[in-house]
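So the structure is just underneath, and the comments pick up after that.
Bear in mind that the values in this text are calculations on the coordinates, not laboratory data. Quick caveat: nothing in here was measured; it's all calculated off a predicted structure.
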Amino acid sequence: MQMVEEEVNNIDMMGLSAREMEIIDLVADGLTNQEIAVKLTISKRTVDNHVSNMFTKTGSKNRVALLNWAMDNGKICRDGFNCCTLPDSDQD
């Protein structure tokens, strides 16, 4: 999963931080909170708090609902679905 670059600039309008959007992207990739913590070099508890805050901000009750919200709002893409253009991975 990749966030659309222009959407990163609009995150504040949704009330989500850049870190929260990064975590949504990793949740969409199927990572557990522990795996996300390792990848981002933060504690699992911090990831738990971010996920909980995102549930509150988006009105989601679980990870599936959170990902549905992210897809519905164009925050994540799945295999080119959701009318977004994924950046080339070579352009880092």
*Amide H contacts of Cys77 (H built 1.01 Å from N, under 5 Å, at least 5 apart or other chain)*: Gln2
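Between Asn62 and Asn49, what length in nm is gained on full extension when 0.36 nm per residue of separation is reduced by their alpha carbon distance?
Fully extending the segment from Asn62 to Asn49 adds 3.3 nm.
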